[in-house]
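The structure appears right after this line, and notes come after that.
Quick note: the coordinates plus some simple rules give every number you see, no bench work behind them. The structure displayed is predicted, hence computed values, not measured ones. With ideal geometry, Cβ positions are generated from the backbone for all residues, glycine too; neighbour counts draw on all protein chains shown.
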Amino acid sequence: MTLLQVMPDDAPDTVLLRTRDPREITEALLECAVEFRRWPLHGTLTAGTATDEILDRYRTEIDELCTREGLQVVDVARLHPEEGPHWAERAAKARSAFLDEHRHAEDEVRFFVHGRGCFSLHLRSRVYAVVCEAGDLLSVPAGTPHWFDMGPRPDFAAIRFFQEENGWVGDFTGTRIAERFPRLEALTASGQ
């Protein structure tokens, strides 16, 4: 289930807000100009589901969003444990690539079709850790410092939207802030 945990950027052990309520999540993020919505899921995804099939399932939603937001490029980022013998190496490399704080020159828009991942947004002297799951659409404004954690055993698929081909390229801030905050597995540990 989707989760938002808000912490001061200088006190990662202090929880200012922790909620799984979609309305509360939407409102808290909207105050920071971050858009959170839910889209209906169109079938289940397996490791063998082709990228074109994923995009076809969501064609109506994709076309509406692209028209409204001026988005030109759409693809699917995915990692599944069943993807072969070198999956663990690829997964570790992919995870570490986005664990440091960075920003993008354009909005970062993601729709989770399968699995989950955590966007930690550094806004207004706070860190907003948003655990997105299948059905969640998150739109983070251009220039927002953040990091993304796909967990120690990544298993997710997300439709990514861009204005331009290189819209995903990160501009890393050089800070070490992400190292102090809880990772996906700590945020979602049972009993919390």
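Around the amide H of Arg126, modelled in the peptide plane, lie the amide H atoms of Asp9, all under 5 Å away and 5 or more residues distant in sequence or on another chain. Summary value for the chain: 29 percent relative contact order, contacts being C-alpha pairs under 8 angstrom separated by 6+ residues.
Given a Förster distance of 30 angstrom, what is the FRET efficiency for Asp52 paired with Lys93, based on the Cβ-Cβ distance and rounded to 0.05? In this case the efficiency is close to 0.75.
Sparse packing (at most 15 other Cβ atoms within 10 Å of the Cβ) combined with a DSSP loop state is found for the following trypsin sites (Lys or Arg not before Pro) in region 62-137: Arg124. For region 133-152 versus region 1-67, the inter-centroid distance based on Cα atoms is 8 Å.
I need the shape label for region 1-118. Rule: rounded when a/c is under 1.5, else prolate if a/b > b/c, else oblate, with a, b, c from the alpha carbon gyration tensor. Taking the square roots of the gyration eigenvalues as a ≥ b ≥ c, region 1-118 is oblate.
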